[in-house]
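Trainee: Quick one: the structure is below, questions incoming.
The values are calculated or read from the model by the stated rules, or taken from the named source; none is laboratory data. What you see is a predicted model; the values in this text were computed from it and never measured. FYI the Cβ positions are ideal-geometry reconstructions off the backbone, even for glycines, and counts take in every protein chain you see.
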Amino acid sequence: MTYGPSAGAKLATTPAHGHDDAPYQPVFTGAARDELETLCARYPSRQAALLPALWMIQEARGWVSDGAVEEVAQVLGVSAAHVRGVLTFYTMYHQHPVGKHFIQVCTTTPCNLCGAEDVVNAFLRHTGCGELGVTSDDGRFTVIEVECLGACGFATPVMINSRFLESVTPDAVPDVLEECD
């Protein structure tokens, strides 16, 4: 399951979903540009394709950099400020590099009552992240807390990238992480 515009899209990527000191390389070239143009044709204006365009960037690079903001603005014919405003409004877009496995643990009141904090601490310990929002030294994991994953009856819910897990316990965390490549 992907959240982006197309599960079959093949996009240009940079190494390891992390920092790349090389100059910014555009994502919207070749097949990715064709896919974007197909998406734009579905909407009443190019600006309306902004969210799918941001997803395409994030799928390709793992996050949306300043260079990507400029690229999206240019290809959609909107200002970089507009793109940045949308990017910073929605929490599902990463504004900095994250680990290959982005782990979100629900810690709202119902889940906290069922031990979510212990689940968070188990993920932090077993991934080596140590703190929320920090990427592990090997670049594999980033762990964050989120407000409500919509599964209060199955506490504690966790999302790892687009994979949704229910009823995760601290004891289950090592097995969950073992399933991550």
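Trainee: Can we say Thr135 is over 23 Å from Ala68 (Cβ atoms) and either modelled with pLDDT of 95 or more or not hydrophobic (A, V, I, L, M, F, W, C) (or both)? Spell out the reasoning first.
Mentor: Numbers: over 23 Å from Ala68 (Cβ atoms): no; either modelled with pLDDT of 95 or more or not hydrophobic (A, V, I, L, M, F, W, C) (or both): yes.
Answer is no for this residue.
Trainee: Still on this structure: I need the full set of residues from the range 107-130 which are part of a helix (DSSP H, G or I) and among the β-branched types (Val, Ile, Thr), in order please. First the steps, then the outcome.
Mentor: Going through the range 107-130, the residues part of a helix (DSSP H, G or I) turn out to be 109-113, 116-127.
Matches in the range 107-130: Thr109, Val119, Val120, Thr127.
Trainee: Condition first: closer than 16 Å to Met92 by Cβ and touching a Phe, Trp or Tyr at 6+ places or on another chain (Cβ under 7 Å). Now tell me which residues in the range 128-142 satisfy that. Break it down stepwise before answering.
Mentor: In the first step, residues of the range 128-142 are kept if they are closer than 16 Å to Met92 by Cβ; the result is 133, 142.
Hit for the range 128-142 is Thr142, nothing else.
Trainee: On the given criteria, is Arg42 charged (D, E, K, R), buried (at least 20 other Cβ atoms within 10 Å of the Cβ) and not assigned by TED's automatic domain parsing to the domain that holds Thr135? Working first, answer last.
Mentor: Working: charged (D, E, K, R): yes; buried (at least 20 other Cβ atoms within 10 Å of the Cβ): no; not assigned by TED's automatic domain parsing to the domain that holds Thr135: yes.
No; evaluated as a whole, the condition is false for this residue.
Trainee: Of everything in the range 1-39 that's assigned to a helix (DSSP H, G or I) and modelled with pLDDT under 50, which residue is surrounded by the fewest Cβ atoms within 10 Å (Cβ to Cβ)? Show your work before the answer.
Mentor: Step one: of the range 1-39, the residues assigned to a helix (DSSP H, G or I) are 15-17, 30-39.
When the remaining residues are screened for being modelled with pLDDT under 50, the result is 15-17.
Working: Pro15: 11, Ala16: 14, His17: 23.
Looking at the filtered set, the residue picked out is Pro15.
Trainee: Provide a single number: the residues in the range 52-79 that are surrounded by fewer than 15 Cβ atoms within 10 Å (Cβ to Cβ) and closer than 16 Å to Phe28 by Cα. Walk me through it before giving the result.
Mentor: Step one: list which residues in the range 52-79 are surrounded by fewer than 15 Cβ atoms within 10 Å (Cβ to Cβ), which gives 66, 74, 77, 79.
Cutting the leftovers down to closer than 16 Å to Phe28 by Cα gives us 66, 74, 77.
Total satisfying the criteria: 3.
Trainee: Residue under question is Arg125, and the condition is that it be in the same structural domain as Asp138 (by TED's automatic domain parsing) and either surrounded by fewer than 14 Cβ atoms within 10 Å (Cβ to Cβ) or under 29 Å from Gly139 (Cβ atoms) (or both); does it hold? If you could, list the steps in order and put the result at the bottom.
Mentor: Details: in the same structural domain as Asp138 (by TED's automatic domain parsing): yes; either surrounded by fewer than 14 Cβ atoms within 10 Å (Cβ to Cβ) or under 29 Å from Gly139 (Cβ atoms) (or both): yes.
So Arg125 fits the description; yes.
Trainee: Which condition breaks for Cys111 when tested against (1) exposed (fewer than 13 other Cβ atoms within 10 Å of the Cβ); (2) touching a Cys at 6+ places or on another chain (Cβ under 9 Å)?
Mentor: Checking Cys111 against (1) exposed (fewer than 13 other Cβ atoms within 10 Å of the Cβ); (2) touching a Cys at 6+ places or on another chain (Cβ under 9 Å), the one that fails is (1).
Trainee: Name the single residue, out of those in the range 157-181 being buried (at least 18 other Cβ atoms within 10 Å of the Cβ) and touching a strand residue (DSSP E or B) at 6+ places or on another chain (Cβ under 6 Å), that is nearest to Cys111 (Cα to Cα).
Mentor: Ranking the candidates gives Pro157 first.
Trainee: May I pose another question? Only one of these conditions is not met by Ser167: (1) at pLDDT below 95; (2) among the small types (Gly, Ala, Ser); (3) more than 20 Å from Glu59 (Cα to Cα). Which number is it?
Mentor: Result: Ser167 passes all but (1).
Trainee: Output the residues belonging to the range 49-98 that are in contact with a Leu (Cβ under 6 Å, 6 or more places away or on another chain) and either of a type in the set (Phe, Trp, Tyr) or not in a helix (DSSP H, G or I) (or both).
Mentor: Scanning the range 49-98 gives Val64, Tyr93.
Trainee: Is it the case, given these coordinates, that Gly153 is modelled with pLDDT under 95, farther than 19 Å from Met92 by Cα, assigned to a helix (DSSP H, G or I) and not assigned by TED's automatic domain parsing to the domain that holds Arg61? Reasoning before the result, please.
Mentor: Numbers: modelled with pLDDT under 95: yes; farther than 19 Å from Met92 by Cα: yes; assigned to a helix (DSSP H, G or I): yes; not assigned by TED's automatic domain parsing to the domain that holds Arg61: yes.
So Gly153 passes the test.
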